[in-house]
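The values are calculated or read from the model by the stated rules, or taken from the named source; none is laboratory data. These numbers come from a predicted model, not from an experiment. Using ideal geometry, Cβ is built from the backbone for each residue, glycine included, and neighbour counts are taken over all protein chains shown. Surface areas here come from the heavy atoms of the whole protein model, side chains and all, with no ligands, DNA or RNA. Shrake-Rupley method; radii C 1.70, N 1.55, O 1.52, S 1.80 Å.
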Amino acid sequence: MIEQFIVDPDDLPQKAQETAAEGKRVLAAMFANDERPLNAGFAIYCVFMSRQERDIVILKTRLTDRTEFPSLTPEIPAAAWYEREIYDMFGLLPAGHPDLRPLVLHENWPRGLYPLRKDFRDGNIPDASSDFPTPAVSGEGIFEVPVGPIHAGIIEPGHFRFSQAGENIINLEAKLFF
């Protein structure tokens with residue numbers, strides 16, 4: 001069974017927690033859509049699926065007069081990358097998100113240019129450059145192991161920077177979507 005509910009943006013975190021129902025349902029997907037031609041705003045969709053039963057609950061919130069919505073990440077950590085992608089591709093700000101570094105768009109992508117908005121026009125994207133920020137990890141016996149972005153195999157290319165102390169991984173920075 002599939003159920004869809006339209007919720008106010010400010011009520012989204014609470015409704016998402018209620019829908020997750022203490023682990024009964026998991027956040028399976030979260031995405032945005034530019035619905036300005038339809039209803040003068042953007043929409044955020046959160047898709048929850050149950051673990052045992054085959055029910056799906058979709059929460060939809062409309063952002064008609066703003067480009068900000070409350071982040072689900074502090075209470076539902078699975079929303080972290082979804083929200084970062086929404087911010088990258090649409091410029092919709094998940095207020096309260098703990099880590100809004102670019103996820104999909106690389107450091108040479110111009111800030112303020114959102115490729116999934118209906119008014120995006122490709123062609124003259126200026127070439128820009130900036131550093132890819134990585135947290136510094138220091139201490140005795142700490143070393144970094146960079147891997148990629150090109151590596152053997154048929155998996156998606158990505159750059160990974162492991163900060164390690166022996167076999168223990170202290171931090172991993174992943175730069176995907178090449």
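Below are the figures for this structure:
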| read-out | value |
| --- | --- |
| Criterion (open to solvent by 50 Å² or more (accessible area, probe 1.4 Å) and either modelled with pLDDT under 95 or touching a Gly at 6+ places or on another chain (Cβ under 6 Å) (or both)) met by exactly one of Pro115, Pro133, Pro102, Pro110 | Pro133 |
| In segment 1-15, the residues that are outside any helix (DSSP H, G or I) and within 16 Å of Ala29 (Cβ to Cβ) | Ile2, Glu3, Gln4, Phe5 |
| Unmet criterion (only one of (1) part of a strand (DSSP E or B); (2) under 30 Å from Pro146 (Cβ atoms); (3) aliphatic (A, V, I, L, M)) for Met89 | (1) |
| Output for segment 16-40, where each listed residue is in a loop (DSSP other than H, G, I, E, B) and on the phi < 0 side of the Ramachandran plot | Lys24, Glu35 |
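Listed here are the residues, each with its yes/no results for (1) open to solvent by 70 Å² or more (accessible area, probe 1.4 Å); (2) part of a strand (DSSP E or B); (3) modelled with pLDDT of 80 or more.
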position: Ala80; (1), (2), (3): no, no, yes
position: Pro126; (1), (2), (3): yes, no, no
position: Gly139; (1), (2), (3): no, no, yes
position: Gly153; (1), (2), (3): no, no, no
position: Leu172; (1), (2), (3): yes, yes, yes
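So that you can scan it fast, the table gives a plain yes or no per residue for (1) open to solvent by 40 Å² or more (accessible area, probe 1.4 Å); (2) in contact with a Lys or Arg (Cβ under 6 Å, 6 or more places away or on another chain); (3) of a type outside the set (Val, Ile, Thr):
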{"position": "Met30", "(1), (2), (3)": "no, no, yes"}
{"position": "Asn33", "(1), (2), (3)": "yes, no, yes"}
{"position": "Ala40", "(1), (2), (3)": "yes, no, yes"}
{"position": "Ile56", "(1), (2), (3)": "yes, no, no"}
{"position": "Thr67", "(1), (2), (3)": "yes, no, no"}
{"position": "Ser71", "(1), (2), (3)": "no, no, yes"}
{"position": "Glu85", "(1), (2), (3)": "yes, no, yes"}
